[in-house]
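Working notes, structure below.
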Amino acid sequence: MAALLQHEPAEEPTATLLTELGENLMQWIFPAQFGIRDGLTAEELEAAAGEMDADPTVRVSRVLIETLKTLAADSTPENTETIARAVTGFLIAMSDAATESDVMTLFDNLRQAALNGSGPRPE
């Protein structure tokens, strides 16, 4: 957790990055779970999106992310840790294989890649 909470003054605040990561993962995971993909007809897409939007897990997750984004705006170190733990818990809950250690390693690797300017680049 300590590695995750560290950031330099010129870096985007950790709390903001965490909420963005959580939101991005949520936007990727939930459509996949409900079969939303390229190639669906308009009717199939509308039906799958309706199922997703009505799902209690999706709805609660959206509330969680919006709440965390609000906290992130003026985050104290304590709030940043709370946000980190909430996003970690969310990722663990949404994955059959993830452990807290796996998620923390992911966070640290993402931070290091961002600091080093590495990662996927558009061609």
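What follows draws every value from the coordinates through simple rules; no lab data is involved. A quick note: this is a predicted structure, and the numbers were derived from the prediction, not measured. Counting neighbours? That spans all protein chains shown, and the Cβs are built from the backbone with ideal geometry, glycine included.
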Expected sort for 83-90, 32-39, 21-28 on mean C-beta neighbours within 10 Å, highest first, is 83-90, 21-28, 32-39
So the compactness index of segment 59-99, its C-alpha Rg divided by 2.2 N^0.38 Å, takes the value 1.21
Mean Cβ-within-10 Å packing, highest first, puts peptides 52-59, 64-71 in the order 64-71, 52-59
